[in-house]
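K.L.:
The structure that follows is given in the form of structure tokens.
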Amino acid sequence: IAEMEMVDGSFSNLADFPGLKSPNEWRGHRAPSFFSFGASGPEVMLVHQKQDLKDPLTQVPSGLEAQCVDAYTNILGWMYDRPVPEIQRVGLLQDTLGTARHDQFLADEIYCQVMKQLTQNPSARSQLQGWKLMHNLCQAVCPTTGLHEFLHSFLMRAIRRTEDHEVMETIKECVTDLNVTSAPEQSDADDIVSLQVMLIDSSMRRVRVQESSTLKQLVEIMASQLKISAAVDFAFFQVTEGLDAHRLLPDTTVISTLLAKWKKLEEMTRRGSRLLFKRKYVRVDEYLQPGDLAHAGLTYRQAVYDFLHYPIHEDLRAMLEISARIVFVERAYFKPYLDRNALGDAGVVEQIVPEIVLKNHNRKKVAQQITD
């Protein structure tokens with residue numbers, strides 16, 4: 001144990017990663033306003049910030065520097081550190097993962113950026129989003145050997161520090177999936193397929209299953225992975241690129257048949273499809289289940305998602321009351337915007353008010369009514 005702790009301690013400080021730029025060479029962050037200076041130096045280089053980067057954290061070829069800077073901007077948006085309309089946030093995760101898969105230099109840079117944003121992050125909401133991004137990274141791409149031990153040490157220390165149950169479970173899954181990505185399992189079964197399943201918050205889960213399995217069996221696997229007791233409440237939906245509608249899929253559908261149909265559909269329409277795991281429906285008189293945190297969390301997020309995508313303009317007062325309740329539930333996140341009277345800013349009010357309302361009403365007035 002002492003030897004393991006000594007090894008872990010050798011990689012406990014990300015600043016010791018040889019691939020990092022020297023803090024003296026790193027140009028820091030962009031200024032938050034025209035009459036101010038951007039943060040820079042060793043004290044901010046690997047600590048959570050909300051301003052864009054001027055250049056990468058790591059030593060990358062010059063041709064990749066712009067992609068590194070853009071990736072950090074996407075991470076800020078995904079983690080709610082930069083106001084972004086919800087409809088745009090959906091693509092930020094996939095853009096970030098795509099960049100990480102493109103090149104090993106980019107993968108290390110993005111891992112370092114995410115670790116930076118998870119260090120001394122004061123927002124619980126931002127932290128959770130960051131850990132979901134980290135989990136998806138661990139499923140998608142492995143860092144270089146030089147960074148791997150620093151990442152592993154970062155994850156293990158985070159497990160010991162966190163008190164949030166959902167964050168704890170997500171970090172544990174990061175460790176498990178990083179091990180799988182580093183040394184992919186070899187299976188004797190010919191029909192094992194690895195599926196990417198999307199959740200209602202746009203995060204992804206990787207699941208290995210036999211192609212001969214049905215979606216009902218896949219629901220049970222997903223519920224077990226997410227530690228959801230009431231699996232019967234959930235189902236799989238088809239999400240097709242460019243279409244907003246979620247199509248409920250029959251539980252009896254065989255995965256191999258579904259994938260074959262989707263392949264043919266993509267060849268004909270050039271639109272890919274993916275699996276979305278969510279509640280079949282949410283009842284009006286339903287209460288969240290405190291004994292099943294994963295069930296409660298996904299149900300709440302689905303209710304918010306459905307509200308924000310509501311296609312009909314109902315009574316304005318009733319809709320803004322729902323918006324006010326969302327702000328109250330997530331008051332720790334929205335407080336800085338309330339303090340600055342910035343709830344109506346672009347990318348902020350879209351997180352709590354349906355698009356149909358903002359098309360017909362002044363956003364500043366809508367934000368003021370919510371505040372009042």
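The values are calculated or read from the model by the stated rules, or taken from the named source; none is laboratory data. Just so it is clear, the structure is predicted and the values come from calculations on it, not from any experiment. Glycine gets a Cβ as well: all are built from the backbone with ideal geometry, and neighbour counts include every protein chain shown. Each accessible area value is taken on the protein alone, full model and side chains, heavy atoms only, with ligands, DNA and RNA left out. Shrake-Rupley method; radii C 1.70, N 1.55, O 1.52, S 1.80 Å.
K.L.:
About its Cα centre, what dipole magnitude does the chain give when the only charges are +1 on Lys and Arg Cβ and -1 on Asp and Glu Cβ, stated in debye to the nearest 20?
P.N.:
Values: 41 positive and 49 negative charges, 205 e Å.
The calculation lands at about 980 debye.
K.L.:
For segment 89-170, what does the accessible surface come to per residue with a 1.4 Å probe? Please give it in Å².
P.N.:
About 36 Å² of surface per residue is accessible.
K.L.:
Also, I was wondering about something else. Given contacts defined as C-alpha pairs under 8 Å and at least six residues apart, what's the relative contact order of the chain, whole-number percent?
P.N.:
12 percent
K.L.:
For a quick check: with amide H placed at 1.01 Å from N, whose amide H comes under 5 Å from Asp55's, ignoring anything fewer than 5 positions away on the same chain?
P.N.:
Amide H neighbours of Asp55, under 5 Å, 5+ apart: Arg27, Gly28.
K.L.:
For the chain, with the dipole built from +1 on Lys and Arg beta-carbon atoms and -1 on Asp and Glu ones, taken about the Cα centre, which of Gln129, Gln369, Thr299 lies farthest toward the positive end?
P.N.:
Looking along the dipole axis, the top candidate is Gln369.
K.L.:
With θ set to phi - 60° and the Karplus curve 6.51 cos²θ - 1.76 cosθ + 1.60, what are the ³J(HN,Hα) couplings of segment 231-236 in order, to the nearest whole Hz, using x for Gly and Pro?
P.N.:
5, 4, 6, 10, 8, 9
K.L.:
Leaving ligands and nucleic acids out of the surface, order Cys142, Cys68 by accessible area at 1.4 Å, largest first. Mind showing how you got there, number by number?
P.N.:
Details: Cys142 35, Cys68 0 Å².
Per-residue accessible area, sorted high to low, gives Cys142, Cys68.
K.L.:
Moving to a separate point now. Using a 1.4 Å probe and counting only protein heavy atoms, arrange His29, His361 so the residue with the most accessible area comes first.
P.N.:
Sorted by accessible area, descending: His361, His29.
K.L.:
Rounded to the nearest 10 Å², what accessible area does Phe17 have for a 1.4 Å probe in the complete protein model?
P.N.:
20 Å²
K.L.:
Ok, one more. Tell me the per residue accessible area of segment 254-351 using a 1.4 Å probe; a whole number in Å² is fine. If you can, show how the numbers build up before the last one.
P.N.:
On the way: 6070 Å² over 98 residues.
Computed with neighbouring chains in place, this is 62 Å² per residue.
K.L.:
Per residue of segment 271-278, in order, report the coupling 6.51 cos²θ - 1.76 cosθ + 1.60 (Karplus, θ = phi - 60°) as ³J(HN,Hα) in whole Hz, putting x for Gly and Pro.
P.N.:
Result, ordered by residue: 10, x, 10, 9, 8, 10, 9, 7 Hz.
K.L.:
Now, a different point. How large is the accessible surface of Asp285 in square angstrom, using a 1.4 angstrom probe and rounding to the nearest 10?
P.N.:
Approximately 110 Å² for this residue.
K.L.:
With a 1.4 Å probe and all protein chains in place, put Thr299, Thr73 in order of accessible area, largest first.
P.N.:
Thr73, Thr299
K.L.:
Something else now. Ile192's amide H: which non-local residues (gap 5+, or another chain) put their own amide H closer than 5 Å, with H modeled 1.01 Å from N in plane and none for Pro or chain starts?
P.N.:
Here Glu211 satisfy the definition.
K.L.:
May I pose another question? Would you mind checking the pairs Lys227/Lys278; Lys132/Lys264; Lys216/Lys261 and listing those with alpha carbons more than 22 angstrom apart? Walk me through the numbers before you get to the answer.
P.N.:
Values: Lys227/Lys278 14 Å; Lys132/Lys264 31 Å; Lys216/Lys261 18 Å.
Distance filter (> 22 Å) returns Lys132/Lys264.
K.L.:
If you wrap a convex hull around the Cα atoms of segment 278-372, how much volume per residue is inside, in Å³?
P.N.:
Once divided by residue count, the hull of segment 278-372 is 111 Å³.
K.L.:
If I compute solvent accessible area with a 1.4 Å probe over the protein chains, what percent of it on the chain is carbon and sulfur?
P.N.:
The nonpolar share, carbon plus sulfur, comes to 53 percent.
K.L.:
Expressed in whole Å with the largest first, what are the equivalent ellipsoid semi-axes of the chain derived from the C-alpha gyration tensor as the square root of 5 times each eigenvalue? All intermediate terms of the calculation are to be shown ahead of the outcome.
P.N.:
Numbers: eigenvalues 210, 181, 78 Å².
So the three semi-axes of the chain are 32, 30, 20 Å.
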